[in-house]
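First the structure, in the form of structure tokens, and then the observations on it.
Values in this text are rule-based calculations from the coordinates and carry no lab data. The structure presented is a predicted model; accordingly, all values stated were derived computationally and were not measured. Backbone-built Cβ (ideal geometry, glycine too); neighbour counts: all protein chains shown.
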Amino acid sequence: MNENPGMSLLTIALCAACISAAALFVPARALAQEATEDALVTATSMPRVPDNIINMVLIKVNGDPILLTELRSVVEDRLSLLRQQFPAEEIEAQIPMLTTQILAGMVDQKMMLQRADLVGITVDANMVDRQIQGLRETNGFTTDAELNAALEEMGLTMDELREQLRDNLRQQRLAFDEVQRQIFVSETEINDYYTDNRDEFTAPEQVRLEQLVFIGEPASLRQQAFAAAAELQAGEDASAVGEKYVNGQHVADTGSFIAVEDLTEGLAATVPALTVGSFSDPIETTFGFSIVKVVERSEQDIAELDDARESIRQRLTSEKSQVRMNEYVRNLRERANIEIVDPRFGGVLALWEASEESEDAVVPSRR
């Protein structure tokens, strides 16, 4: 069992459940890179609500409220994770943007759940039970008491956990039914991707090497290095030759391959012409000289289209899913009645504006 069950993968799973599918498809880092400066300044300048205000309505989505207590709960869960990974001062600087992103995700989640209600998407108790069992197994909980203790540390009840998981499953089902189910990747698209991205399916030439290196000032080592190379090329044992020279060091074959393109400049220029089993002439390097032998060579290999087809299909499906999901949630927003009750939380509008400008600036190559 985890030593700190309350801050385990269970926490991560629940935080993910509180953020909508749209938030997962629009990474904050991408927004930060692409959004206009004015929009981001607005989104990150959200003031904090004083602690003496216990609760209030922040935003209404088609009449359904999002409360301050709900936002604070999700933000605190996310901050608990961040505090384990980053210094307090870095986290403090990110709280306004984090709060805005989470609130925007809660609005998207509210819209998606409303849509799920409208089209009649339900989740039965057995599906929720399987999710809970998965959480138990992932976190190493062997008894209900251990899970309940973790939930108590997080300020959750079992009923609240089941509700969060049910909502998350309903969103996933909605996304599948109304977005992912319609996505199709044609053979032409697969063939074009394979043709345009051959490097992605090409394994470079690789070699296993044995070396005798001379470390020091090249001018003072040249005579030793060339004498040693002559002995090696005549068939002498590399380890024995290395012991003969004060500055020589034998580097045995480790059994690991290295790509020729990753070798240092001098070695990369020499190794391709070497036959397997033969030693090179001394190669001047930044540390002195190196004499290398190719122990084994793996030639460049290009995966056949049939072998790469499924991975290409999955990649293109994922790309299309991201684009279509962004469009789907944007359409939900355009049709929804979103009322910013407290103007201090208007940063979500700027964040959406930034995301839309980012999406419009990128023209997908495959739709």
Applied in sequence order to the stretch 246-252, the curve 6.51 cos²θ - 1.76 cosθ + 1.60 (Karplus, θ = phi - 60°) yields integer Hz couplings, x standing for Gly and Pro, of 4, 8, x, 9, 7, 10, 6
So, over other residues within a Cβ distance under 14 Å of A234, counting Lys, Arg +1 and Asp, Glu -1, the net charge is -2
For V341, the residues 5 or more places away or on another chain with a placed amide H closer than 5 Å to its own amide H are I59, K60
Residue by residue through the stretch 133-144, the couplings from Karplus 6.51 cos²θ - 1.76 cosθ + 1.60 with θ = phi - 60°, in Hz, x for Gly and Pro, are 5, x, 5, 4, 5, 4, 8, x, 7, 9, 9, 4
Diffusion coefficient in µm²/s returned for the stretch 66-151 by Stokes-Einstein, Kirkwood Rh over C-alpha pairs, 20 °C and 1.002 mPa s, is 136 µm²/s
Cα extents of the stretch 253-321 along the principal axes, largest first, in whole Å, come to 54, 25, 21
P(r) over all Cα-Cα pairs of the stretch 298-357, 5 Å bins from 0 to the longest distance, whole percent per bin, short to long, reads 4, 13, 14, 15, 11, 9, 8, 7, 6, 5, 4, 2, 1, 0
The alpha-carbon center of the stretch 293-329 and that of the stretch 115-174 are separated, in whole Å, by 34 Å
What the 5 Å binned alpha carbon P(r) of the stretch 132-190 shows, as percent of pairs per bin from 0, is 4, 15, 17, 17, 11, 9, 9, 8, 5, 5, 1
Row for the stretch 199-279, column shape: gyration tensor on C-alpha, a ≥ b ≥ c, rounded if a/c < 1.5 i.e. under 1.5, prolate if a/b over b/c, else oblate; value prolate
Given 10 °C, 1.306 mPa s and a Kirkwood radius over Cα pairs, the Stokes-Einstein diffusion coefficient of the stretch 171-327 in µm²/s is 83 µm²/s
For L274, the residues 5 or more places away or on another chain with a placed amide H closer than 5 Å to its own amide H are none
Non-local residues with an amide H under 5 Å from the amide H of G288, with H modelled 1.01 Å from N and Pro and chain starts lacking one, are G216
